[in-house]
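Q: Handing you a structure now.
The values are calculated or read from the model by the stated rules, or taken from the named source; none is laboratory data. Nothing here was measured: the structure is a model prediction, and the numbers come from that model. Don't worry about glycine lacking a Cβ; one is built from the backbone with ideal geometry, like all the others, and counts go over all protein chains shown.
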Amino acid sequence: MKLNLRNPLIFFDLETTGIDVANDRIVEISYFKLYPNGDEESKTMKINPTIPIPEKVVAIHGIRDEDVRDAPTFSEIARSLAQAFEGCDFAGYNSNKFDIPLLAEEFLRTNTDIDLKKRKFVDIQVIFHKKEQRTLSAAYKFYCDKTLNGAHTAEADTKATYEILKAQLDRYPDLPNDVDELAKYSSQNRNVDFLGRIILDDDGRESFNFGKYKGQRVDDVLKKDPGYYSWMMNGQFPLYTKKVLTSIKLRGAFGK
């Protein structure tokens, strides 16, 4: 089924130094850009993460330190990447929990002017898990009847993700061919930050989604336990989570 798009849609996948959103870095990014008129373009780039790639991670994606030693750093490509992503929505596999938060961190570290929160995010894994409960390779076999060769390479995973979404739309008549609605369907929580440490409650108020104050409103916690803000700001939380927390704190300080 042809995708019904209002904006260009970026299918993308990251290979990284690990799974810690706050501290790990991108070593490869591949994206496939689909335009509303059906035009397509794709690009794959190795990136020097400026930190060592652990051997246990190399065993997964096969990218070693020497493979990216002469590649550009993220700061060197951030502006051009932001321009390529301008006005686009995004789709990926497990992207809401990992790829989008990590990409946002990389942009924040380089002070790149891009507001990903204005975009829509379609997570094909969430759709798949809600419908079938499988993995990416199994999803590709199940929906497309193909074997995923080159799994855990960014380019292969990106193309497979695109094909799976089209097949999902063909298979499920109740699945809307609309990026706004797909983004809503594939969202597990009403995240305020990308990683879901802060979410909106049933009344649309920011609440913590982890730890001892899980389920409690952020502004209430900051009033009764001011030290919690410092603990989070000094802790291993993503920069975007800290940015959101600071915004809520300042809003409360100025009575907005």
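Q: Can you confirm whether Y93 is closer than 30 Å to P173 by Cβ and without any contact (Cβ under 8 Å) to a residue 40 or more places away in the chain?
A: Against the criterion (closer than 30 Å to P173 by Cβ and without any contact (Cβ under 8 Å) to a residue 40 or more places away in the chain), Y93 does not qualify.
Q: May I pose another question? Sort through F142, F121, F194, F128 and tell me the only one that's among the aromatic types (F, W, Y) and more than 18 Å from the chain's Cα centre (by Cα).
A: Every option except F142 fails the conditions.
Q: For the structure I just gave you, tell me whether L250 is crowded, with 17+ Cβ neighbours inside 10 Å, of a type in the set (A, V, I, L, M) and either closer than 29 Å to S42 by Cβ or modelled with pLDDT under 95 (or both).
A: No.
Q: Could you say whether any residue in segment 86-93 is in contact with a Lys or Arg (Cβ under 9 Å, 6 or more places away or on another chain) and either charged (D, E, K, R) or over 30 Å from A167 (Cβ atoms) (or both)?
A: The answer is yes; a qualifying residue exists.
Q: Run down E163, E155, E181 and say which single residue is surrounded by 16 or more Cβ atoms within 10 Å (Cβ to Cβ) and without any contact (Cβ under 8 Å) to a residue 60 or more places away in the chain.
A: On inspection, the qualifying residue turns out to be E163.
Q: Does A22 satisfy the criteria of being within 19 Å of the chain's Cα centre (by Cα), at pLDDT below 95 and farther than 30 Å from L169 by Cα?
A: yes
Q: Mind checking which helices (runs of 4 or more DSSP H) fall wholly inside segment 193-256 and carry at least 1 residues that are under 25 Å from N94 (Cα atoms) and in contact with a Ser or Thr (Cβ under 7 Å, 6 or more places away or on another chain)?
A: none
Q: For E86, only one of the following conditions fails: (1) of a type in the set (D, E); (2) within 30 Å of K130 (Cβ to Cβ); (3) at pLDDT below 95. What is its number?
A: (2)
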